[in-house]
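To start, the structure under review is shown below, and the notes come after it.
The values are calculated or read from the model by the stated rules, or taken from the named source; none is laboratory data. Not measured: the values here are computed from a predicted model. For neighbour counting, all protein chains shown are included, and Cβ atoms are generated from backbone atoms with ideal geometry for every residue, glycine included. Protein only, heavy atoms only, side chains kept; ligands, DNA and RNA dropped before computing areas. Shrake-Rupley method; radii C 1.70, N 1.55, O 1.52, S 1.80 Å.
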Amino acid sequence: MPTSAPAIQYSDGTVGFSYPPRLTESYATRNLVSESNVTYYLTFDFPEAAVEPLDRVVIRLNEGYDPIFRYRLEATEAFANTPNGRVSLPLGELTQDQDSRELTISFDPPAAPGVPITLALRPVRNPRFGGVYLFGATAYPVGETVKSTFMGYARLSFYERDRDRWP
């Protein structure tokens, strides 16, 4: 069995992931503008070599515009994708900031590395305007002073209703 490497600790005491997690898949269950009862799934690889547990993930709407877009925090879920299926991960504090367009998802206890993790985000409804929306995902290890890791963009497209086909 391979031994794990120590976490990265910089000279100033800052802690980072030894091996960065990265976003591998993202999709929305519905792609029409303003639809409700939708879930956005974001899956990221969290390799065992990362060593440090995952404290939180911040999802930021980097591109795409809807000033009233927001999440249903109470419906947010996270899963570890194990060989035996999905295992629910307990969440801690969840916050969203309308000004910065960020959703912060904390894990309680912190999530251990070694299996892919899927976040199930549930917005109140899809954005009101069609187009491509980029949701940036950033991971934070456990520690007092940490170096975050940008995992990538979830690229979700939303479409206007075809006025010729829909009443």
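For the stretch 115-127, filtering for residues that are part of a loop (DSSP other than H, G, I, E, B) and either surrounded by 16 or more Cβ atoms within 10 Å (Cβ to Cβ) or modelled with pLDDT under 95 (or both) leaves 6.
When the residues of the stretch 2-40 are filtered to those that are among the aromatic types (F, W, Y) and at pLDDT 95 or above, the one that is nearest to L156 (Cα to Cα) is Y27. Close Cβ contacts (under 6 Å, 6 or more residues apart or on different chains) running from residues in the stretch 46-66 that are within 21 Å of G114 (Cα to Cα) to residues that are part of a loop (DSSP other than H, G, I, E, B) and aromatic (F, W, Y) comprise P47/Y19; A49/Y19; A50/F17; A50/Y19; E52/F17. F17 meets all of the listed conditions (1) buried (at least 17 other Cβ atoms within 10 Å of the Cβ); (2) in contact with a Leu (Cβ under 7 Å, 6 or more places away or on another chain) but one, namely (2).
The residue that is nearest to T145 (Cα to Cα), among those in the stretch 41-74 that are in a helix (DSSP H, G or I) and among the acidic types (D, E), is E48. Being polar (S, T, N, Q) and part of a strand (DSSP E or B) is a property that holds for N81. Is it the case that some residue within the stretch 97-114 is without any contact (Cβ under 8 Å) to a residue 12 or more places away in the chain and either open to solvent by less than 70 Å² (accessible area, probe 1.4 Å) or of a type in the set (D, E, K, R) (or both)? Checked the stretch 97-114: at least one residue is without any contact (Cβ under 8 Å) to a residue 12 or more places away in the chain and either open to solvent by less than 70 Å² (accessible area, probe 1.4 Å) or of a type in the set (D, E, K, R) (or both).
Every condition in (1) under 15 Å from the mean Cα position of the chain (by Cα); (2) closer than 16 Å to L134 by Cβ is met by F69 except one, and the failing one is (1). Residues in the stretch 29-44 that are free of Cβ contacts under 8 Å to residues at least 60 places away in the same chain and farther than 17 Å from R70 by Cβ: 1 in all.
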